[in-house]
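Peer 1: Take a look at this one; I'll ask things after.
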Amino acid sequence: MPRQLRSSLVFACLMALFAIAASGQAAPRRPGELAWAIHYDPKTFDPAKVDEQASELVRYLTGGVLLRINRQTQEPEPQLAESYQVTPQGTLIVFKLRSGLRFSDGTPLTSADVAWSLRRVLAPATQAVVAEEFLSPSEVVVETPDALTVRIRLAKPVTGVGKIFDEIAIEPADRPSEGRVTSGPFTVTDYKRGQYVRLSRNPNYWRRDSSGARLPYATGVRLDILNNREQEISLFLRGEYDLIDSLSPDYFAIVAQKAPQSVHDLGASLNTEQLWFNQFPAAPLPEFEKAWFQNRNFRTAVSMAIHRSDLARIAYNGHATPAFGFISPANKLWYNNDLKYPHESVADANRMLAASGFHRNGNQLYDATGHPVQFSILTNSGNAARQKMAAMIQQDLEAMGMQVTIVDLDFPALIERLLHKQDYEACLLGLSNVEPDPNEMMNLWLSSSPNHQWNPSEKTPATSWEAEIDKQMQLQASTASQQVRKLAVDRVQQIVADQQPFIYLVYPNALQAISPQLQGVKAAILSPGPVWNIDFISRKEGAR
Amino acid sequence: MKKRIAAAILLALILGATLVVWLSPYNYAFQDRDAIMAPSTPQHWTGTDELGRDRTVRVAAALLIGLTGATAAAVITITIAASFGLLAAYSPSPVAAILMFLSDVFLSLPWLFLLMMARSLLPLTASPLQTAVTTFLVLAAFGWPACARAIYRGAAEFRSAEWMIQGHACGLKTRQLVRLHIVPHLRPLLLPQFLICVPAFIVAEANLGALGLGVGEPMPSWGAMLLELENSALLARSQWVYLPIALLVVVLLILESFTTEIDY
């Protein structure tokens, strides 16, 4: 072999080995540091401007807050605030701060810092997402009668006080630092775009454990930016990463095979997968099809014909829970335990269709005007579970004489049809619910909303039941009484179960992988999942 | 000799696939929900897929659909290409230049995106059969320019051939010249073009299917079945997942052997 060719081959082999080695490497772990992957770069480290998950996680790990929602009980717990009070009218909130609080740089944290942070969040120029929760942020008045008291006067009572203040990080007044100076457990110390975000323990963090030891236990956190699930799993199995949140059922099976003690199925998540029919009156569909889709009996019959337990068992390898409403049983505070929903029965579904004039001729179902019942179900390509569910629903509905075609579209094309052209018959998609409070779903349920998917942007509610949903959702959004809110949301859940504008299919389960080397983890399905009690999580002594 | 063996294998595959589809108690769409990812059994020779559908029947049906569709699409492509190439070859040179320019423009277009666009224009309620027919028609509609250029080159050389001059001298009309002389002379060119198109269309359909734009569910296609290979968890559960890709490679090799051993 010529020498030149030989040296080229050796060079190519070395490069290939280097590429293989580099592709599976994570940055070196520091002693006591936790490490896991996030899938993209945080858009910002400014806690007031957070509007996506990666930035939200960094804010959670670094930002000190007045109240923190306990992700297991869903109850607010005081943090920087020692105590708080909300007046019965819900228009005045008073926080009493802990004494001796300090920022990570050692400067004292007082009510002036809290007021500054709140005013910054409320200022229109900041464009903070959480400001919308105050309903009329410009009318909110923040007062500081003394160094440890903060008084917040609201023009309108707001709901979910705990959730709102869980999202407002307290920063040093007039010194926004993008996470470098914080009052939370960690501070941002290093960030390499596309590689990692490194957080270090805040030496002045206020919190201590029951024995008086300073928290957090971990010396730091390294968040690797890695958008490759297979590589993430491989690094987890090699012990480079400590956890993986939100595993898909397929990847769950891979990890379970190699490290069965690491995987955890926490049961139903807050997310839903649902099917709905296009009821938009101006949709470019034949009138007879619109009549089917606007017919409650038709929708209910379809719902009754779908074998949800099969969907959960087959499309999700058993890692999903059959769904009948928009609030998951995992959302203990808001789930309607007395919900009555259409039961699964093809015979009853057929009777219901017959009552509306539908009739069978051979294997085909026809409506009262003689049109064969044929329609398509859109879903997004690249989502294996949805594609499987669509194929199974196709067979379930075929048993009733409905001919269904499945159309997989890429997401932009799908959104174009759904939101802009309304040119579709039925759609199978999911909804990711990060927040358990139903207030977060106002844009889905109000009939005037452009996201009211089955019939968007109604000028006036098209039906009496939609008017009732509007009324109940507005009621729960405008009252401070938890009891009244719960009754209103229960009523909405029942209306949705009766009318089936969305035919709920499954709640995908929350699947996580947690290294056995970690201690102090209290798994929870609410975001940020397994690290919600980050203060108490650490690696075991001697863990590599 | 090799060609005969290849033809025999291909014929055996087609015959076997036809028998499987015809005689099997299972329809390619039937979901046996109690036999998800079943292993090889006397009922399901090569097991079932993730929806409990018999893999043998689905692979056999995909083979028949793929071969039939690709062959039909290749016939259409060659017909369009031959018509276009001949028209350009026997037109005045400015017209020929424009026609070939059009063909080059068509050739330089990003065909995959065009295919995706054309395929997405289908009405949503198109049945799986309609989607299959449309997919192959679209492939045929986009596959002709490269062939047209080759045919144009070949046909242009015939203009000064002795038999052409003799034909003109004998008073043959253009139509007669095309039928009696030009097409027979072009056959050595058309046949390999046709044989190249068939595997190319099979692969193109597999690509479109892998993008979710091929043949609609539940009709089986190679593209849709190759999607299973994306799922590494599935690969660990059954080696039969590799059957579609193995069969695809065999079919492509057989078709390839026809083009390399063709007798001119």
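The values are calculated or read from the model by the stated rules, or taken from the named source; none is laboratory data. Predicted model only: the values in this text are computed from it and were never measured. Cβ coordinates were reconstructed from backbone atoms using ideal geometry, including for glycine residues, and neighbour counts include every protein chain displayed.
Peer 1: Being within 14 Å of chain B (Cβ to nearest Cβ), farther than 17 Å from A:Pro47 by Cα and of a type outside the set (Phe, Trp, Tyr) narrows it down to one residue among A:Leu226, A:Leu243, A:Leu235, A:Leu247; which is it? Walk me through it before giving the result.
Peer 2: Numbers: A:Leu226 fails: within 14 Å of chain B (Cβ to nearest Cβ); A:Leu243 fails: within 14 Å of chain B (Cβ to nearest Cβ); A:Leu235 fails: within 14 Å of chain B (Cβ to nearest Cβ).
After applying the criteria, what remains is A:Leu247.
Peer 1: On the basis of being more than 28 Å from A:Val404 (Cβ to Cβ), over 20 Å from the mean Cα position of the chain (by Cα) and away from chain A (no Cβ under 14 Å), does B:Gln239 make the cut?
Peer 2: Criteria met by B:Gln239.
Peer 1: Further question: Suppose the filter is touching a residue at least 40 places away in the same chain (Cβ under 8 Å), of a type in the set (A, V, I, L, M), assigned to a helix (DSSP H, G or I) and buried (at least 19 other Cβ atoms within 10 Å of the Cβ); does B:Leu227 pass it? Spell out the reasoning first.
Peer 2: Values: touching a residue at least 40 places away in the same chain (Cβ under 8 Å): no; of a type in the set (A, V, I, L, M): yes; assigned to a helix (DSSP H, G or I): yes; buried (at least 19 other Cβ atoms within 10 Å of the Cβ): yes.
No; evaluated as a whole, the condition is false for this residue.
Peer 1: Assuming A:Ser104 fulfils every condition listed in (1) closer than 27 Å to A:Pro436 by Cβ; (2) over 22 Å from the mean Cα position of the chain (by Cα); (3) buried (at least 21 other Cβ atoms within 10 Å of the Cβ); (4) among the small types (Gly, Ala, Ser) apart from one, which condition is it?
Peer 2: (1)
Peer 1: Okay, moving on. A:Ile503 versus (1) surrounded by fewer than 16 Cβ atoms within 10 Å (Cβ to Cβ); (2) in contact with a Phe, Trp or Tyr (Cβ under 7 Å, 6 or more places away or on another chain); (3) β-branched (Val, Ile, Thr): which is the lone unmet condition?
Peer 2: For A:Ile503, the exception is condition (1).
Peer 1: So which of B:Phe136, B:Phe84 is within 30 Å of A:Leu285 (Cβ to Cβ) and assigned to a helix (DSSP H, G or I)? Give the derivation first.
Peer 2: On the way: B:Phe84 fails: within 30 Å of A:Leu285 (Cβ to Cβ).
Checking each option against the conditions leaves just B:Phe136.
Peer 1: Kindly evaluate B:Leu186 against the criterion of being under 20 Å from B:Arg55 (Cβ atoms), out of contact with any Lys or Arg (no Cβ under 9 Å at 6 or more places or on another chain), in contact (Cβ under 8 Å) with a residue 24 or more places away in the chain and not in a loop (DSSP other than H, G, I, E, B). It would help to see each step written out before you state the result.
Peer 2: Numbers: under 20 Å from B:Arg55 (Cβ atoms): no; out of contact with any Lys or Arg (no Cβ under 9 Å at 6 or more places or on another chain): yes; in contact (Cβ under 8 Å) with a residue 24 or more places away in the chain: yes; not in a loop (DSSP other than H, G, I, E, B): yes.
No, not satisfied.
Peer 1: While we're on this one: Identify the single condition in (1) part of a loop (DSSP other than H, G, I, E, B); (2) within 13 Å of chain B (Cβ to nearest Cβ); (3) under 20 Å from A:Arg539 (Cβ atoms) that A:Gln261 does not satisfy, given that it satisfies every other one.
Peer 2: (2)
Peer 1: Which residue, of A:Asn439, A:Asn433, A:Asn451, A:Asn443, is under 24 Å from the mean Cα position of the chain (by Cα), buried (at least 22 other Cβ atoms within 10 Å of the Cβ) and polar (S, T, N, Q)?
Peer 2: A:Asn433
Peer 1: Conditions: (1) touching a residue at least 24 places away in the same chain (Cβ under 8 Å); (2) buried (at least 18 other Cβ atoms within 10 Å of the Cβ); (3) basic (Lys, Arg). A:Arg201 meets all but one. Number of the miss?
Peer 2: Going through (1) touching a residue at least 24 places away in the same chain (Cβ under 8 Å); (2) buried (at least 18 other Cβ atoms within 10 Å of the Cβ); (3) basic (Lys, Arg) one by one, A:Arg201 breaks only (1).
Peer 1: From the list B:Leu208, B:Leu195, B:Leu191, pick out the single residue that is within 14 Å of another protein chain (Cβ to nearest Cβ) and in contact (Cβ under 8 Å) with a residue 12 or more places away in the chain. Give the steps one after another, and end with the answer.
Peer 2: Working: B:Leu195 fails: within 14 Å of another protein chain (Cβ to nearest Cβ); B:Leu191 fails: within 14 Å of another protein chain (Cβ to nearest Cβ).
Exactly one of B:Leu208, B:Leu195, B:Leu191 is within 14 Å of another protein chain (Cβ to nearest Cβ) and in contact (Cβ under 8 Å) with a residue 12 or more places away in the chain, namely B:Leu208.
Peer 1: Can you tell me which residue among A:Ala155, A:Ala123, A:Ala115 is surrounded by fewer than 20 Cβ atoms within 10 Å (Cβ to Cβ) and modelled with pLDDT of 95 or more?
Peer 2: On the way: A:Ala155 fails: modelled with pLDDT of 95 or more; A:Ala123 fails: modelled with pLDDT of 95 or more.
Only one candidate qualifies: A:Ala115.
Peer 1: Failed condition for A:Ile327, given (1) of a type in the set (A, V, I, L, M); (2) within 14 Å of chain B (Cβ to nearest Cβ); (3) more than 26 Å from A:Asp408 (Cβ to Cβ), with all others met?
Peer 2: Among (1) of a type in the set (A, V, I, L, M); (2) within 14 Å of chain B (Cβ to nearest Cβ); (3) more than 26 Å from A:Asp408 (Cβ to Cβ), A:Ile327 violates only (2).
Peer 1: OK, next. From A:Pro203, A:Pro260, which residue is under 30 Å from A:Pro508 (Cβ atoms) and either touching a helix residue (DSSP H, G or I) at 6+ places or on another chain (Cβ under 7 Å) or not small (Gly, Ala, Ser) (or both)?
Peer 2: On the way: A:Pro203 fails: under 30 Å from A:Pro508 (Cβ atoms).
Answer to the selection: A:Pro260.
Peer 1: Cβ-Cβ under 7 Å, sequence separation 6+ or interchain: first residue in region B:240-251 and under 13 Å from B:Leu227 (Cα atoms), partner outside any helix (DSSP H, G or I). Which pairs?
Peer 2: Once the first residue is under 13 Å from B:Leu227 (Cα atoms) and sits in region B:240-251, its partners that are outside any helix (DSSP H, G or I) give B:Leu243/B:Thr46.
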